[in-house]
1. Identify, among L84, I172, L108, the residue whose Cα sits farthest towards the positive end of the charge dipole of segment 73-180, taking +1 on the Cβ of Lys and Arg and -1 on the Cβ of Asp and Glu, with the dipole about the Cα centre.
2. Calculate the dipole size of segment 92-213 relative to its Cα centre from +1 charges on Lys and Arg beta carbons and -1 charges on Asp and Glu beta carbons; express the result in debye to the nearest 20.
3. Of S190, F146, F93, whose Cα points farthest to the positive end of the dipole of segment 92-213 (charges on the beta-carbon: +1 Lys, Arg; -1 Asp, Glu; origin at the Cα centre)?
4. At 0.36 nm per residue, minus the direct Cα-Cα distance, what do S70 and D112 gain on full extension? Give it in nm, one decimal, please.
Amino acid sequence: MVQEKSYNFVISNFYKKFTDRLLCQLESVFVVNQTEQKKKAILEITFQLLNEKRIKDIKIEEIAKKAVVSKVTLFKYYQNKSHLMNYVLLKSFEHMVDEIEEIINGDLDFTDTFQAIIDLELKQLKVFSPVFSENLMTQYSESPDFFDTDALLPQAKIYENLFEKGQKEEKISKEYTKEDFLFIINIFNSGIKGLSIERLLEKTELLSRFFLNGWK
């Protein structure tokens, strides 16, 4: 009888601990799901507003209200307004990394590969509203942390692969190093910061021709 009571106590205690752990896990999943839903709402509203208004006219209060979250919650996920804007802008182009890698690894030669990448980037820009494109250039030129380390790594890898393809096909002279290539890319990127989208689209062919011919 004593053994039976002891056994029942052990079983009861086991089920209690098991149930407590299960409830704890379910609560954790619920919290995670709630968090993801809130983040998703914030990002969707921010993306929508970036296509409708200039960044200077977008208010955090408006984002929070439309996303049905508090400002405290919003700032728990994103450091400040600029951080949120940068995150959404970069996320909008994230899928392009895979597409560009496919182009580089494809059968096109170096010149056509470079042109295909430029065409893809311009095509993507045209998908968004003029206001979104303007916001992109504004953040690119004015926000010092637009490209964080995580964003720069895939970009650097793409340029490295492009450089290797160019040298393999002798479209880039052996006298240039990978560091030289990345240095010039950085100068190009810095140079276009002050250009409007319209000006950039207008001079794309000139910039491409100058860039491609400069490595021979």
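Rule-based calculations on the coordinates, nothing more; no lab input. Predicted model, so just to flag it, every value in this text is computed and none were measured. Glycine gets a Cβ as well: all are built from the backbone with ideal geometry, and neighbour counts include every protein chain shown.
1. L84
2. 400 debye
3. The residue sitting farthest along the positive end of the dipole is S190.
4. Working: separation 42, 0.36 × 42 = 15.12 nm, distance 4.90 nm.
Full extension from S70 to D112 adds 10.2 nm.
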